[in-house]
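Right, one structure below, let's go through it.
The values are calculated or read from the model by the stated rules, or taken from the named source; none is laboratory data. Since the model is a prediction, treat every value here as computed from it, not as a measurement. Counting neighbours? That spans all protein chains shown, and the Cβs are built from the backbone with ideal geometry, glycine included. For accessibility, only protein heavy atoms count, side chains too; no ligands or nucleic acids. Shrake-Rupley method; radii C 1.70, N 1.55, O 1.52, S 1.80 Å.
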Amino acid sequence: MRTLRELTVEEVSGTLSRGTFAELISTVEHVQFECKGRLYDTKTVKSKIELAKDISALANSRGGHLLIGPATKKNPLHHGDEVISVSEFASSAFHPDTYRDILSALIYPPITDLKIEWHPSSVNPKKGIASIYVPPKSANEKPFLVVQSELDSQVRGHLFGYFERVGDDALPTTVQIVRDTMKDGKRYGDLERRMQSFEGLLAKLVSSRSVK
């Protein structure tokens, strides 16, 4: 029987620097470690939002690594998806600046000190995997929201979501929690002023940044 284990943030960093990606097999996702078996489609809005959701969830929790290349599957014997294979790709297929631009446009406030890198394999340096490292953030910096604008002649507003990793999943805050927070803001002056300030910042963000 294979032994499944959780890698620490430091162990993941070591594996990436060595390019020894076979070490990722039989490890499991957890609150600071997420894997995607393939590159995000950076040309579709759905995939852009998925990327922003995944990264903001790490930032709203304890930070950590998102790896692109290792594929996972559910394992009923362990809480957390298990890495079963690693698909490597050329560095030309991965564009860090594009990923950074998407995250900058869709996450508010911007997450500072992100590390978005491609890592060559020790077996074949022409192939490798990618990573996005999110450093731990203080309570004063949080929350990080995923933002999208919806405008037409009849309806005006902004869509936003809050995500946080719990175990190996990125879970959203419920609509009820958001509504209750806004409702409480109507009752208590300080929170109301905070919500108004937030709405103003959100409007400025959406007017100055758009996802193409």
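Stretched out fully, how many nm does the piece from E11 to A71 gain, at 0.36 nm a residue minus the Cα gap?
Answer, rounded to one decimal: 19.8 nm.
Roughly how many Å² is the accessible area per residue of the range 5-78, as a whole number, for a 1.4 Å probe?
The answer is 43 Å² per residue.
Can you tell me the dipole magnitude for the range 1-138 around its Cα centre, using point charges on the Cβ only (Lys, Arg +1; Asp, Glu -1), in Debye to the nearest 20?
260 debye
With the Cα gyration tensor of the range 11-130 in hand, convert its eigenvalues to equivalent ellipsoid semi-axes via √(5λ) and list them largest first in whole Å.
22, 18, 13
Please report the antiparallel percentage of DSSP beta bridges with both residues in the range 1-120, rounded to the nearest 5.
Taking every DSSP beta bridge within the range 1-120, about 55 percent pair in antiparallel fashion.
Using only Cα atoms, what Kirkwood radius does the range 51-112 have, in angstroms?
Radius from the Kirkwood sum: 13.7 Å.
Tell me, in nm to one decimal, what length is gained between R100 and T20 on full extension, where the rule is 0.36 nm per residue of separation less the Cα-Cα distance?
Net length gain for the segment: 26.2 nm.
Rounded to two decimals, what is Rg over Rh for the range 1-80 when you use alpha-carbon atoms and the Kirkwood radius?
Reported Rg/Rh (Cα atoms, Kirkwood Rh): 0.97.
So if each residue of separation counts as 0.36 nm, and I subtract the Cα-Cα distance between E117 and I84, what length gain in nm does that give?
Difference between extended and current length: 9.7 nm.
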